[in-house]
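Student: Input: one structure, supplied below.
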Amino acid sequence: MTAAPEPDPTTRTTRTTEGDIVTSPVNTAPAAQAAPTPPPPPASAPPGPAASAGRFRQALRSISGPLVGLVLLVVVMSLLSPVFFTPNNLVNILVQVSYIGIMAAGATLVIILGGIDLSVAAVLGFSFMVVAVLYQNLGWPFWLCIIAGLAVGAGVGLVNGVLIAFGNVQPFIATLSTMFAATGLSLYLTNGTPILGLPDWFQGLSHVRLAGISLQVFLMIGVFVIGGLWLKYRPAGRSLYAIGSNDEVARLSGIRVKAMQLRVYAIAGLLAAVAGLVVGARLNAAQPSAGNSSDLLSVIAAVVIGGASLAGGVGSMRGTFIGLLIIGVLNNGLTLLNVSPYLQPVVIGAVIILAVLSDGKLIGQLRARFRRRA
Amino acid sequence: MTDEIATTLVATGLIKRYGEATVLRGVDFTLESGTVVGLIGENGAGKSTLSSIIAGIKQPDGGSMTIDGRPYAPSGPLEALTSGVAIIHQEIKMIPELSVAENMFLGRVPTRRGRVDYAGMYESASGVLAQLGVHLDPRMLVGGLSTATQQEIEIARAILREPSFVIFDEPSASLGQEETERVLEQIGLLRDRGTGVVYISHRLDEVSAISDRVVCLRDGAKVGDRPAAEIDRDGMIRAMVGRSIERRAIEPEPHGSEVVARVTDLCSDRFEHVSFDLHEGEILGLSGLVGAGRTEIVRALAGADPFRSGEVEVRGRRVRIRSMSDAIAAGIVMVPEDRKTQGLNLNRSSAENIATPWESRLAKGFVTRRFLTKLKKRMAEELDIRGDLDKPVGLLSGGNQQKVLLGKWLVQKPTVLILDEPTRGVDVGAKEAIYEIIRGLSRQGVAVIVVSSELEEVLLLSHRVMVVAGGRPRDLLDREQATPERIMQLSVPS
């Protein structure tokens with residue numbers, strides 16, 4: 001009753017013809033490498049006979065909805081405000097989002113893994129408060145305080161990881177509780193007062209510029225580049241997609257799922273502490289109020305606008321970076337246009353919905369295509 | 001619906017297909033009030049499909065049903081219930097946080113003036129429970145009750161609406177001896193009240209004891225329908241297995257003499273005292289009924305689940321298996337039984353799926369596109385996988401998906417390859433191709449363990465067959481001893 005030709009056992013001898021068909025996409029592989037697509041979306045071009053047309057189509061498809069949105073936003077803002085498209089302002093946008101970006105890189109890993117980390121913003125505040133307290137109250141050398149602060153960040157992340165991997169606590173709940181704890185502890189350390197007076201050289205992170213761009217921006221871009229390469233080429237990074245898509249399949253493939261959970265939450269905590277250094281250098285102080293819930297929401301928004309799925313298995317550093325820039329451009333542009341700051345979150349909310357809806361629509365169209373072909 | 005008791009349910013020429021596989025090929029079935037029909041057959045013979053169709057859970061692709069001459073074509077279980085047909089499932093589905101009565105009335109809670117009529121609910125629940133001889137407070141929460149008691153509540157729920165026909169789908173699978181006897185007693189009560197009962201079970205002695213008639217299915221067709229008095233246990237087994245299956249068309253080639261793996265007294269919570277040797281190139285079949293512990297044994301061996309005690313030796317060296325990684329390092333790999341939830345990430349490409357276990361083991365530091373392409377190309381050629389391997393694997397046919405899954409574990413030649421249901425959900429042509437791949441691996445010296453619910457498959461491939469029942473190995477049969485009748489006799493709990 002099958003319409004398809006019966007696979008006849010003798011086809012093994014005619015395998016060479018089949019082999020050619022199967023290996024044909026291999027020849028176009030270098031082209032695919034030139035335009036790096038994030039692995040999860042099944043966006044590989046159909047094996048078209050004309051390779052250049054296929055390459056063009058592939059390049060076209062790799063231009064994601066968020067990127068189109070970002071370009072449109074930049075064009076519109078440039079038309080509406082004469083100040084927007086000036087080098088100074090563009091650098092300014094990057095500076096404004098740098099600490100959010102560093103946290104968002106960590107959050108991307110967590111979300112691809114299928115988890116969520118609500119504690120990052122609180123860890124930012126807490127870890128830098130530890131740095132300042134060790135420096136001011138205990139007189140540690142500042143470089144050692146920085147290392148201690150990074151260790152605190154990674155440590156809180158590790159606690160999250162242990163609760164989730166071995167305590168079977170849902171990520172939302174585990175990180176919600178560490179978020180409260182970290183927020184409370186950073187207030188408790190100094191009774192809610194800020195610590196001022198950090199070494200002058202430390203402010204260099206915020207003040208020193210290379211080619212007109214502040215060091216913190218390079219730090220953020222470095223995090224994204226390393227994170228992107230790790231996700232795409234290192235076995236551990238790639239395993240996050242496998243775990244996020246289906247952790248049982250990943251486990252039965254010999255991937256150490258729990259070890260990866262520990263590692264990823266620790267990295268997210270570490271990066272939050274790095275973001276804490278950026279904020280501290282900018283303020284030249286440790287503020288107990290640094291790292292509030294609006295920072296946390298911006299972090300998650302950047303990842304989600306960038307195309308990651310909270311269900312796990314989908315997301316990329318490139319996408320998150322674009323999402324981050326969209327948020328930065330919106331905040332900056334709306335301020336330049338004198339839109340009430342109270343209205344700005346409304347716009348960001350609308351953008352998140354737009355991003356997710358357009359993504360879902362795209363996926364739906366792709367599915368329909370596959371179905372028609374099959 | 002309570003006043004008129006229907007007397008005859010007739011199904012004619014029922015057909016059911018799943019994709020390319022036909023699981024019911026024109027089955028006729030009659031159930032009369034006040035009788036118990038035992039429904040038997042091998043795994044996959046179509047028993048559950050037939051009962052699901054009668055109970056309205058699944059809709060047939062052909063054939064028709066009538067109740068007392070009136071057409072009966074339920075679109076769902078609720079409609080079936082309204083027509084007087086109820087089913088009691090193998091797995092108990094209850095909400096532990098609700099009371100006994102609330103569970104019984106789930107989805108049709110009685111109300112009075114817009115409020116739940118608890119008094120009325122408890123009263124009718126107690127009434128039904130009492131009819132069954134169950135002494136239970138309907139206000140108790142289901143959560144703390146034993147499986148056996150929950151099974152009784154399930155029965156009470158089914159007969160709450162006084163159905164004319166009740167189907168029991170392997171109710172005894174999770175019950176002990178005493179509890180099973182109580183269920184059988186309750187079935188007797190139902191029969192005496194004029195209810196028509198279908199009783200599905202692998203425990204043939206129970207079927208003999210309770211049934212008036214025994215119907216046997218094989219490969220989706222009815223192969224026997226006789227009064228229970230005229231058929232004994234051996235007769236039932238013969239009917240289930242059928243004429244000796246046309247096999248031995250391809251005798252497996254003799255395997256090597258070197259013992260490559262030895263399992264000694266493996267025990268866990270799910271199985272006990274499992275011991276066997278595997279020779280180079282040997283194919284060992286693992287047979288038994290669903291739930292006998294076959295899958296549990298091989299999962300433990302592959303490091304997927306922990307085991308309590310026992311030793312595993314590979315090529316003369318003792319290996320500690322505490323995780324999948326340990327097993328893979330020792331050369332033991334497993335193709336799990338459920339391709340869709342355990343074997344493959346359906347939304348990721350075939351190439352990525354094949355590479356998943358090996359990225360951290362074979363790629364030198366970085367996973368390059370060249371690495372992925374090499375693996376993909378090699379497996380496509382070796383296993384003759386057709387289709388675009390850069391597209392999500394879920395878009396391939398079942399047979400090709402299964403080949404991708406095999407390829408995933410053949411990147412490095414294993415010492416022991418475990419295949420749990422290697423041909424589930426693939427068409428006949430792909431099945432042959434997979435058998436040929438398995439034979440080829442055996443020729444290369446790979447020891448293979450095949451777990452399969454299809455007796456035919458086990459007999460066709462294996463050098464030796466281990467039969468498991470109730471978590472214990474019953475016997476290890478040579479190819480000559482491994483007849484379908486013998487295996488079935490060992491499989492069925494006595």
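Student: Quick check: net charge around B:R464, other residues with Cβ under 9 Å of its Cβ, Lys/Arg +1 and Asp/Glu -1?
Tutor: In short, -1.
Student: When B:I15, A:I111, B:I40 are ordered from fewest to most other Cβ atoms inside 10 Å of their Cβ, what list results?
Tutor: Listing B:I15, A:I111, B:I40 from fewest to most nearby Cβ atoms yields B:I15, B:I40, A:I111.
Student: So for the protein assembly as shown, Kirkwood radius off the Cα pairs, Stokes-Einstein at 4 °C and 1.567 mPa s: how many µm² s⁻¹?
Tutor: Taking Rh from Cα pairs, D becomes 41 µm²/s.
Student: Lys and Arg at +1, Asp and Glu at -1: add these up for the other residues within a Cβ distance under 9 Å of B:A228 and post the number.
Tutor: Surrounding charge for B:A228 is 0.
Student: Same structure, new question: Give me A:W140, A:W201 ranked fewest to most by other Cβ atoms within 10 Å of their Cβ, as a rough exposure proxy.
Tutor: A:W201, A:W140
Student: Run the reach check for B:K47 against lysines, Cα to Cα strictly under 17 Å, same-chain hits fewer than 8 apart removed. What comes back?
Tutor: In chain and number order, the partners are B:K16, B:K58, B:K222.
Student: Quick one: Cα centre-to-centre distance for the stretch A:223-239 and the stretch B:322-391, in angstrom?
Tutor: A separation of 19 Å, based on Cα centres.
Student: If you don't mind, there's one more thing I want to ask. Which of the lysines could a cross-linker bridge to B:K413, judged by Cα under 29 Å and excluding same-chain residues fewer than eight apart?
Tutor: A:K232, A:K258, B:K340, B:K364, B:K374, B:K376, B:K377, B:K391, B:K403, B:K431
Student: Let me ask something else. Averaging over all projection directions, find the projected area of the Cα convex hull of the stretch A:66-373 and quote it in nm² with one decimal place.
Tutor: Result: 17.6 nm².
Student: Can you grab the distance from the C-alpha centre of the stretch B:107-131 to the C-alpha centre of the stretch A:114-147, Å, no decimals?
Tutor: What the calculation gives is 60 Å, centre to centre.
Student: As a footprinting exposure proxy, order B:I437, A:I255 by other Cβ within 10 Å, with the fewest listed first.
Tutor: Listing B:I437, A:I255 from fewest to most nearby Cβ atoms yields B:I437, A:I255.
Student: Can you work out the FRET efficiency for the pair B:D205 and B:N347, with r the C-beta to C-beta distance and R0 = 41 Å, to the nearest 0.05?
Tutor: Numbers: r = 47 Å, r/R0 = 1.15.
Calculated value: 0.30.
Student: In degrees, nearest 10, range 0 to 90: what is the angle between the Cα axis of helix B:369-383 and the longest Cα principal axis of chain B?
Tutor: Tilt of helix B:369-383: around 70 degrees.
Student: Express as a percent, rounded to the nearest 5, the fraction of DSSP beta bridges in the stretch B:259-491 (both residues included) that run antiparallel.
Tutor: If we restrict to bridges inside the stretch B:259-491, about 55 percent are antiparallel.
Student: Any idea what angle helix B:147-159 forms with the longest principal axis of chain B, computed on alpha-carbon atoms, 0 to 90 degrees, nearest 10?
Tutor: Relative to chain B, helix B:147-159 is tipped by roughly 50 degrees.
Student: Residue by residue through the stretch A:334-349, what is 3J(HN,Hα) from phi via Karplus (6.51 cos²θ - 1.76 cosθ + 1.60, θ = phi - 60°)? Round to whole Hz and write x for glycine and proline.
Tutor: The phi angles translate into 5, 5, 4, 7, 6, 6, 4, x, 6, 8, 4, x, 4, 5, 4, x Hz.
Student: Oh, and also: Please list, in chain and number order, the residues 5+ apart from B:S287 or on another chain whose amide H is under 5 Å from its amide H, with Hs placed from the backbone.
Tutor: B:M466, B:V467, B:V468
Student: Counting alpha carbon pairs within less than 8 Å and at least 6 residues apart, what relative contact order, in whole percent, applies to chain B?
Tutor: Once normalised by length, the contact order is 15 percent.
Student: Let me ask something additional. Post the alpha-carbon centroid distance, the stretch A:304-321 to the stretch B:1-78, in whole angstrom.
Tutor: Result: 48 Å between the Cα centres.
Student: OK, next. Relative to the compact-globule scaling 2.2 N^0.38 Å, provide the ratio for the alpha-carbon radius of gyration of the stretch B:218-346.
Tutor: Its radius of gyration relative to the 2.2 N^0.38 Å reference: 1.37.
Student: Which far-off residues, 5 or more places away or on another chain, put their amide H under 5 Å from the one on B:I88, with H placed in the peptide plane?
Tutor: It is B:I167, B:F168, B:D169, by chain and number.
Student: Continuing with this model, one more query. How large is ³J(HN,Hα), in whole Hz, for each residue of the stretch A:76-82 in order, when computed from phi with the Karplus curve 6.51 cos²θ - 1.76 cosθ + 1.60 and θ = phi - 60°, using x for Gly and Pro?
Tutor: Residue by residue, the stretch A:76-82 yields 4, 4, 4, 5, 7, 10, x Hz.
Any read-out appearing in this document is the output of simple, stated calculations on the displayed coordinates, not a laboratory observation. The shown structure was predicted, so the numbers you read here are calculated from the model rather than taken from an experiment. In this analysis, Cβ positions are derived from the backbone assuming ideal geometry, glycine residues included, and neighbour counts consider all displayed protein chains.
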